[in-house]
Amino acid sequence: MSDLAKMRELSSSVCIVGVDESDELGTLPGKSQLSLHVEAITNAVRDAGLKVSDVDGIFTAGQHSPATIGEAIGVVPRYVDGTTVGGCSFIIMVGHAVLALHHGLCDVAVVSHGESGRSGVGVSPRRDTALPGQFEFPYGFGGAPTYFGLITTRHMHEHGTTLEQWAQVAVSTRKWAALNPKARNRDPLTVKDVLDSRPVVWPFNILNICLVTDAGGAVVLTRADRAKDCAKRPVYVRGAGEGSEHVMLTQMRDLTFSEATRRSGEKAFAMAGVKGTDFDHIMLYDAFTSGPPLMLEALGLAKRGEGVHFFAEGRSTPGGKLPINTNGGGLSYTHSGMYGIFPIIEATRQLRHECGARQVPNTKLSLVNGMGGMLSAAGTLVLSNER
Amino acid sequence: MDLERPLPTPITPECRPYWEGARDGKLMIPKCRACGKPFMYPRVACPFCASRDVGWVQATGRGKLFSFEIAHQILNKAFKVKTPVVLAMVELEEGPRILTNLVGVAPDPKQIRCDMPVEVCFEKLTDQVSLPMFRPVGGGAR
């Protein structure tokens, strides 16, 4: 059996059957990080019409191990996965869960995220700083904008992209946030507002950078045969792919093109048997306004330097031909630090057609792509409400 | 001792020749003896061919400004240099890229361009530690 045939066998064998956030999102000094996990899991399991005791596969990334999460919800899991490669880890884990469920290593998998990113309640300060402590921190680096800014400046140099074009990404995303009652920032936004906002690290002003919030999210998966008995319309995982290239930004082979993203997309599209032009809904990890355009380029949906065109002329906005980041994104809805669970939740809700004012009409095929670190790792999912 | 910058911490054993070189005003970089390629950051095996036969060479200190950004605020409280500061990625003539600060130039995106030629200079932090920094070749708009 060829590699491709083996991958295709996994396509649509597993469904997302439950999704939800923690009870609240935003500034939550009264809740620990672990509580955000537990709230999200109990909510998502209820959304699926299942019980917490049905869960036997636990997938999580970040500061808490899957052992901690299992213990917190009173489950002794048959399968655990704690792959932590940045904010896209949860997207990658959907692929890992497909594999484990397909082969019967577990029956009900939960992918869980909880992060007290704003309030820092129940958070461990420990980090591996051996390399950045020597080669980056003495120069003032530290914090994601000081790395992604370098990627963005180089992109402007190589492709002539402009501050106005990055600002359009924030404007498009805010239009969706206005339609999402759970979004933190919902007021109208213009390109000028973004350009006039407080400078942080040129080329970024504060409105080019994601929110910092406290939030949890969880996704429940089971095999397609069992999914039929769950509460909501199943969403098929038609394709899943991952990639990991670098950690230190100096090690990125091409500073304006993510090899990790390219590989994750190539695998996910091959497994699903789709092309980049097939999607009618797209969710991209928007920690910075320049992120989504670069992801579209690395995924092959846009030529190099042309990802920004997706956000111009109303294409990506409500009523546009190709809606992108319909929850309001990390830029305007929520961003706890490792954002990757939230685009999966939104894509699932869109494919179930339960999004109210922001529902994309008749959407059938959704692309979810996220990065870890600074385009360092990546996960891509192809999700559909049809097999 | 009241430093404007965090010292490189921890100096790991495989990186010590880099920091000893910087202390003496030399930009030392690892170079694979098997495939001949220089690389950064220092490690015990070559990232190109995995050979364990790694030595050190002195870099010319010349390179180009691969990318830059202008920090108006710094999250790290141990970094007290007055902002705005130019944070930079330099591609050394030998190939490897490193993060650094661009000095000797106004912190203005109109005055700085990617690919401009730069050269190393050293800022002494303590008797034991100097930090490689870069400035435009010819002194720039000093």
Original post:
Of all residues in the stretch A:328-386, how many are within 18 Å of A:A268 (Cα to Cα), within 17 Å of the chain's Cα centre (by Cα) and assigned to a loop (DSSP other than H, G, I, E, B)?
Top reply: 3
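Being more than 15 Å from A:E136 (Cα to Cα) and of a type in the set (A, V, I, L, M, F, W, C), is that true of even one residue in the stretch B:1-15?
First, the residues of the stretch B:1-15 that are more than 15 Å from A:E136 (Cα to Cα): B:1-3, B:13-14.
Now drop any that are not of a type in the set (A, V, I, L, M, F, W, C), which leaves B:1, B:3.
Taking every residue of the stretch B:1-15 in turn, at least one turns out to be more than 15 Å from A:E136 (Cα to Cα) and of a type in the set (A, V, I, L, M, F, W, C).
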Subject >> Subset tally (residues that are surrounded by 22 or more Cβ atoms within 10 Å (Cβ to Cβ), within 23 Å of the chain's Cα centre (by Cα) and not aliphatic (A, V, I, L, M)) for the stretch A:183-231 >> reply: 9
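Looking at A:M252, A:M295, which one is out of contact with any Gly (no Cβ under 9 Å at 6 or more places or on another chain) and touching a residue at least 60 places away in the same chain (Cβ under 8 Å)?
After ruling out the rest, the residue left standing is A:M252.
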Original post:
Right, B:C15: of a type outside the set (V, I, T), under 28 Å from A:D254 (Cβ atoms) and assigned to a loop (DSSP other than H, G, I, E, B) or not?
Top reply: no
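Do the conditions hold for B:P47, that is, is it surrounded by fewer than 17 Cβ atoms within 10 Å (Cβ to Cβ), in contact with a Phe, Trp or Tyr (Cβ under 6 Å, 6 or more places away or on another chain) and within 13 Å of chain A (Cβ to nearest Cβ)? Talk me through it step by step, then tell me what you get.
On the way: surrounded by fewer than 17 Cβ atoms within 10 Å (Cβ to Cβ): yes; in contact with a Phe, Trp or Tyr (Cβ under 6 Å, 6 or more places away or on another chain): yes; within 13 Å of chain A (Cβ to nearest Cβ): yes.
So B:P47 fits the description; yes.
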Original post:
Somewhere in the stretch A:2-13, is a residue touching a His at 6+ places or on another chain (Cβ under 8 Å), closer than 11 Å to A:H113 by Cα and touching a residue at least 40 places away in the same chain (Cβ under 8 Å)?
Top reply: no
Subject >> Residue among B:I70, B:I74 that alone is within 22 Å of B:S130 (Cβ to Cβ) and within 7 Å of chain A (Cβ to nearest Cβ) >> reply: B:I74
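Is it true that some residue in the stretch A:100-111 is surrounded by 19 or more Cβ atoms within 10 Å (Cβ to Cβ), assigned to a loop (DSSP other than H, G, I, E, B), of a type in the set (A, V, I, L, M) and in contact with a strand residue (DSSP E or B) (Cβ under 6 Å, 6 or more places away or on another chain)? Even if it seems obvious, please write down each step before you answer.
Step one: of the stretch A:100-111, the residues surrounded by 19 or more Cβ atoms within 10 Å (Cβ to Cβ) are A:100-101, A:106, A:108-111.
Next cut, assigned to a loop (DSSP other than H, G, I, E, B) only: A:106.
Subset that is of a type in the set (A, V, I, L, M): none.
Checked the stretch A:100-111: no residue is surrounded by 19 or more Cβ atoms within 10 Å (Cβ to Cβ), assigned to a loop (DSSP other than H, G, I, E, B), of a type in the set (A, V, I, L, M) and in contact with a strand residue (DSSP E or B) (Cβ under 6 Å, 6 or more places away or on another chain).
Within the stretch A:122-235, which helices (runs of 4 or more DSSP H) (wholly inside it) include 1 or more residues that are of a type in the set (F, W, Y) and within 14 Å of another protein chain (Cβ to nearest Cβ)? Don't jump to the end; show me each part of the working.
On the way: elements: A:130-135, A:145-159, A:163-177, A:191-196, A:224-227.
Filter on the stretch A:122-235 gives A:130-135, A:145-159, A:163-177.
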Original post:
What single numbered condition from (1) outside any strand (DSSP E or B); (2) more than 8 Å from chain A (Cβ to nearest Cβ) fails to hold for B:F122?
Top reply: (1)
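Values in this text are rule-based calculations from the coordinates and carry no lab data. What you see is a predicted model; the values in this text were computed from it and never measured. In this analysis, Cβ positions are derived from the backbone assuming ideal geometry, glycine residues included, and neighbour counts consider all displayed protein chains.
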